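Structure record follows, encoded as structure tokens.
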Amino acid sequence: MNLNPFAISGLLTGVSSVLFGLFVYSREPGKKLYRLWLLFALSVSIWGFGGFAIGIAQDPNLALFFWRTAYIGVIFVPALFYHFVVIFLGLLRRHSLILVYTLSSCFLIADTTPLLIPGTTWMFDQFYFLYPRGPVYSYFVLYFFIMVIVSHAELWLFMKKTQDKLK
């Protein structure tokens, strides 16, 4: 087994995400917000454990399988984070939630093909990195960052509105 920093970081991400998700969920398992946080944490943990498997894979085809598996988690991180923010803030965003889950589902389908991750290459004499990237990859990265920005903007706007009410 080739235990390198990439593999170790994936393992730590996976374990800590599962533990933190279960800890939050155990506080009030009946609440939708806590279930969403658990799903978000599990999505991150799939990414992390996938990174661990990528880091120790000694075969490019096996590494490609693990990259695609890890991306199952990565693909749903933006949708689940946005959904968590919407529920946390008590916002009504039904149509935008349908859109983000639809987009994530489309990227999930692309993940099963070379459209997202067509192959791997040996990097840093340690692990197989996802390269080249497929034609859909840039759109996924753009979607990921837009959803992170939108989610944080929702939080910021809510905070600003709340502060204005307190004045």
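The values are calculated or read from the model by the stated rules, or taken from the named source; none is laboratory data. Source: prediction; values computed, not measured. Reconstructed Cβ throughout: ideal geometry from the backbone, glycine too, with neighbour counts over all protein chains shown. Note: areas computed on protein heavy atoms with side chains; ligands, DNA, RNA excluded. Shrake-Rupley method; radii C 1.70, N 1.55, O 1.52, S 1.80 Å.
Here is how the numbers come out for the structure above:
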quantity	calculated
Percent accessible area from carbon and sulfur atoms, segment 46-142, protein chains only, probe 1.4 Å	72 percent
Restricting segment 28-126 to trypsin sites (Lys or Arg not before Pro) in coil, as DSSP defines it, with at most 15 other Cβ within 10 Å	LYS31
Dimensionless Rg ratio for the chain, taking C-alpha atoms and the 2.2 N^0.38 Å reference	1.15
Highest average packing first - 74-85, 143-154, Cβ atoms within 10 Å	74-85, 143-154
Fully extended contour minus Cα-Cα distance, from GLN126 to LEU166, at 0.36 nm per residue	9.0 nm
16 Å reach of a label modelled at SER16, 7 Å along Cα-to-Cβ, counting backbone N of segment 127-141	none
Probe 1.4 Å, protein heavy atoms only - accessible area per residue of segment 1-122 in square angstrom	51 Å²
Between 0 and 90°, nearest 10: helix 5-27 axis offset from the chain longest Cα axis	30 degrees
Label-point separation in nm, THR112 to ASN2, each point 7 Å along Cα→Cβ	2.9 nm
